[in-house]
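The values are calculated or read from the model by the stated rules, or taken from the named source; none is laboratory data. All figures in this text were calculated on a predicted structure; none of them were measured in a lab. A quick note on method: Cβ atoms are made from the backbone with ideal geometry, for glycine too, and the neighbour counts reach across all protein chains shown.
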Amino acid sequence: MVSNWAKKRDVWSLITLGIIVLYTFVLVLPLFTLLKASFTGGEEGKLSIEYFLKFFGKKYYYGALFNSLKVTIAVTIAAVVIATPLAYIMTTIKIKGKVYLQILILISSMAPPFLGAYSWILLMGRNGVITNFMSNIFHINTPDIYGFTGILVVLTLQLTPLVYMFLMGAFKSIDSSLLEAAESMGYTGIKKLVKVVMPLIVPTLLAGSLLVFMRALADFGTPMLIGEGYQTLPVLIFNEFISEMGGDDGFAAAISVIVIILALSIFLLQKYVSNRKSFSMSALRPIKEKQEKGLKNVLANLYVYGFLALAFLPQLYVVYTAFLKTSGRVFVKGYSLDSFKMAFSRVGDSIYNTFLLGIIAMIFVVIIAILIGYVTVRRRNAATNGLDIISMIPYIVPGSVLGIALLLTFNSKPILLSGTATILIISFVIRRLPYTIRSSAAMVHQISPSVEEASASLGASNMKTFIKITLPMMLPGVISGAILSWVTIISELSTSIILYTARTKTMTIAIYTEVIRGNYGIAAALSTMLMIITIISLLLFFKLTGKKEVAI
Amino acid sequence: MSISINFKNVIKKYNDITVIPGLSFAIKKGEFFTLLGPSGCGKTTLLRMVAGFNSIEGGEISFDDKVINDIAPQHRNIGMVFQNYAIFPHLTVKKNVAFGLSNRKLAKEEIEKRVSEILDVVQIKQFADRMPENLSGGQQQRVALARAVVIEPSVLLMDEPLSNLDAKLRVDMRNAIKEIQRKVGITTVYVTHDQEEAMAVSDRIAVMNLGTIQQIGTPQSIYQRPTNLFVASFIGRTNVIERDIRIDNGKCTLMLDGQHVVDIPNIIIQTASQNVRVKVSIRPEEFIIDTASSEGIEATVLDHIFLGLNNHYFAELVSGEKVEVIQESTIGDTINPGTKVRLRIKKEKINIFDYDSEVNLIEGVSHGF
């Protein structure tokens, strides 16, 4: 029933208005600035499509578009192909240590993306341990990890867990009676899988694929580290913008606009397809896992453990190298904590910055997400619908693009923010918000409106009802939202790499720059610390929520 | 401090769709008043307008003489019990009940005292420090009731409060609600779609359909003298058959079948014609079934159900209509399917409705508003 009472003007209208103004200022305005910048390039003050002509005129530029598409599509397909059996096995078959495997899979998805690239370079790179081992002992040349292959491997391993988590949710909502009904009608084995199970998870696969597509398209660190000559759009944008020979802001802006158009088309296409395929399910009796015997059991275990080994071992190797003795830039025999000491003395600031910026951003994310989640569910009107849409824009805007947009907008008076911690915090907040808003809106959905009406009928004002009743009921979700926001914020690279200065360097940037400079010891030590912070945060999350899964 | 509630031409619209086209009636001070009707009839909508959760698009609702249209729910001094109880899940029973009192800025000792008193009344004192999730449905319902009553509201509003309970608990709780309401003496508006529940608790019932009130009356009057055919068939069970009334010198005779006719002295018909088509509502217990007599409507028993207190018979009249008949069960044989019987009627109890308008034609029937 529509509650007209709730539609009346109250303090929430003011809050909605305030947040819209804020978004206009820090997101809509920068995107317009970006759009404007992309249409300059000709004579002063005139609109021109020169930059776009330049982009499509040279293979060097438009090649990046094809590279990006190739990588993104390949990663999306690979992630779906690997994640589907993984989730199906984990749902239907008893695997030893499943609870811990679940947690490990989640942790591997939360690790900073470029760490994967870095670890694969350490293993299979030109001077990698496996490369050297193979050529010294067996005189075999291992395949080249740089370029397309490397990006594909790293991003697939990184993003498969996302699809996996989506699918686990979907499998959980399939009632086992559906499968039993199928079996009773003669659909068993593969036939059951193809005719019954697959159609049921298609909407989820589409949603998961979209997320993977967006992440892969926007990822900057991985192609930058392991791509070498294989240039993708985010790398091209970065190079054009930060180029040592005087970057061209307008051209970077034009490429950014092209990326946004690409992302937006895919987003709308996915929406269109999934709207036609959507249905809702809920399981009274979820599918139960079974103990399999023989070859099937071995293969299932092998598949799960194999995936985890590939996803985790390279990163563990990074941790291992952090404890190696170093001499200058190279690792030598023996173990020591030198790398950690060096990390603290040389880039200790970055650790402090990570905590400071991360915590401040997290607080803003949580507060704004709670407010937006509340108004979009409880006060549905044109303004809150608009707010809902605006707040989702960062979902399709790659981090580096957002960085450029912010920098172009706030690099001059009256609002000079470039180089400040504020601009970094703003970027962290708006990039994380779409995810946290979704989960906070879901929490509000679970609270019956009559609980709030009961409070009002007992004389509590709207604000008091929110603070005393609604907010405490949202609290478990708020805490988990806060932890997840924190974890994603501290592993952020693509925006901060554009916005940081020496004073606002964070750990991810420090790792990145140390890797580029070849200080592998320091990079490994910092990576280890970042990983430990991430793992502790996630364990805290599991402990507090009692969940074994993460809603992205 | 009980109040009366007056509805003056009250209108409810959602966008352009009018769901309540204009209601006028009054609820008396201290009365237990029930809005009864099928789902979608507007009863909950109306209740929420009284509470302030739904806006009022036209007319006035007033508590005593004070129009409340523009007063926020917080300031209407109402107590409300919701269908899903709406207990605050993060507060103990005691804190749930004290919530409204603390909004009223009472002294701590006063709050303690009143909470403790009301927990006594609803008999959940032993659960005072429990969290709601550890309470049964019935206990949660008592918490909801205590929380609504403890603030001494001008009016108590209840929205299908028993619909989530199982059948036995529902009967216990409705007795408890009635008893508590009487003890506190508060004007109460109760919404339900369950007519038996409505009859059990109410002083007066308003039967609603499609946003309009069909009849307001005591449980007895709406059952025995429904104002129209809708009320007759919504409240209790009834058989409706179409027959003629012959008017001869102002004397009205109901032609039940070829041979069986009965005089109906208490009917008001304004017409010049000799025969008037009517709809006759005969409740199952208003038939008398007879295997021996030759007087009555000819019928054949089709089936029968033994329900302890009563025997339910399904019979087909000679004219082809199927009717339900209830007889108090007796020791000995029941009437077997296939048996030819005669059905007589308790003519002072039946109701006769105009064929087109379906309005009751029996003398002295009042719609009550």
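Would you be able to say whether some residue in the range B:296-304 is free of Cβ contacts under 8 Å to residues at least 60 places away in the same chain, in contact with a helix residue (DSSP H, G or I) (Cβ under 8 Å, 6 or more places away or on another chain) and within 23 Å of B:E242 (Cβ to Cβ)? Looking for residues that are free of Cβ contacts under 8 Å to residues at least 60 places away in the same chain, in contact with a helix residue (DSSP H, G or I) (Cβ under 8 Å, 6 or more places away or on another chain) and within 23 Å of B:E242 (Cβ to Cβ), one finds none in the range B:296-304, hence no.
Based on what the data block shows, is B:S24 away from chain A (no Cβ under 12 Å) and of a type in the set (S, T, Y)?
Details: away from chain A (no Cβ under 12 Å): yes; of a type in the set (S, T, Y): yes.
Criteria met by B:S24.
Which of the residues that make up the range A:456-482 are more than 7 Å from every other protein chain (Cβ to nearest Cβ), without any contact (Cβ under 8 Å) to a residue 40 or more places away in the chain and within 28 Å of B:L157 (Cβ to Cβ)? Answer for the range A:456-482, where residues must be more than 7 Å from every other protein chain (Cβ to nearest Cβ), without any contact (Cβ under 8 Å) to a residue 40 or more places away in the chain and within 28 Å of B:L157 (Cβ to Cβ): A:K464, A:T465, A:I467, A:K468. For the range B:134-143, the criterion of being more than 29 Å from the chain's Cα centre (by Cα), surrounded by fewer than 15 Cβ atoms within 10 Å (Cβ to Cβ) and either more than 12 Å from chain A (Cβ to nearest Cβ) or in a helix (DSSP H, G or I) (or both) is satisfied by at least one residue. Has the range A:424-447 got any residue that is within 14 Å of chain B (Cβ to nearest Cβ), outside any helix (DSSP H, G or I) and either under 31 Å from the mean Cα position of the chain (by Cα) or closer than 20 Å to A:Y23 by Cβ (or both)? Yes, the range A:424-447 has at least one match.
Residue-by-condition table, conditions (1) over 26 Å from A:P394 (Cα atoms); (2) among the hydroxyl-bearing types (S, T, Y):
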residue: A:I437; (1), (2): no, no
residue: A:A441; (1), (2): no, no
residue: A:I447; (1), (2): yes, no
residue: A:S461; (1), (2): yes, yes
residue: A:W486; (1), (2): no, no
residue: A:N519; (1), (2): yes, no
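On the stretch given as the range B:256-294, residues that are over 31 Å from the mean Cα position of the chain (by Cα), farther than 19 Å from B:E316 by Cβ and of a type outside the set (V, I, T) total 7.
Can you report the number of residues in the range B:57-76 which are in contact with a Lys or Arg (Cβ under 7 Å, 6 or more places away or on another chain) and more than 17 Å from B:I27 (Cα to Cα)?
Looking only at the range B:57-76, we keep the residues that are in contact with a Lys or Arg (Cβ under 7 Å, 6 or more places away or on another chain), and these are B:57, B:59-60, B:68.
When the remaining residues are screened for being more than 17 Å from B:I27 (Cα to Cα), the result is B:57.
Adding up the residues that qualify gives 1.
Taking strands (runs of 3 or more DSSP E) as the structural unit, those lying wholly within the range B:17-110 and holding at least 1 residues that are surrounded by 23 or more Cβ atoms within 10 Å (Cβ to Cβ) and touching a helix residue (DSSP H, G or I) at 6+ places or on another chain (Cβ under 6 Å) correspond to B:32-36, B:78-81. Taking the criterion of being surrounded by fewer than 23 Cβ atoms within 10 Å (Cβ to Cβ), within 18 Å of B:L169 (Cβ to Cβ) and in contact with a helix residue (DSSP H, G or I) (Cβ under 6 Å, 6 or more places away or on another chain), the residues of the range B:188-200 that qualify are B:E197, B:A200.
Inspect all residues belonging to the range B:46-64 and state whether any of them is modelled with pLDDT under 90, in the same structural domain as B:A206 (by TED's automatic domain parsing) and not aliphatic (A, V, I, L, M). If you could, list the steps in order and put the result at the bottom.
Of the residues in the range B:46-64, the ones modelled with pLDDT under 90 are none.
Within the range B:46-64 (the criterion being modelled with pLDDT under 90, in the same structural domain as B:A206 (by TED's automatic domain parsing) and not aliphatic (A, V, I, L, M)), the answer is no, since none of the residues qualifies.
Taking the range B:181-252 as the region of interest, the helices (runs of 4 or more DSSP H) fully inside it that hold 3 or more residues being more than 17 Å from B:L361 (Cα to Cα) are B:195-201.
Which pairs turn up if I take residues in the range A:55-73 that are within 19 Å of A:F241 (Cα to Cα) and look for partners that are part of a helix (DSSP H, G or I) and of a type in the set (S, T, Y) with beta carbon separation below 9 Å, at least 6 apart in sequence or on another chain? Once the first residue is within 19 Å of A:F241 (Cα to Cα) and sits in the range A:55-73, its partners that are part of a helix (DSSP H, G or I) and of a type in the set (S, T, Y) give A:F55/A:Y61; A:F55/A:Y62; A:F56/A:Y62.
Does A:A216 satisfy the condition of being within 21 Å of A:L167 (Cα to Cα) and buried (at least 24 other Cβ atoms within 10 Å of the Cβ)? Taking the combined requirement at face value, the residue satisfies it. Checking the stated criteria, B:F7 turns out not to satisfy the condition of being within 26 Å of the chain's Cα centre (by Cα) and farther than 30 Å from B:S233 by Cα.
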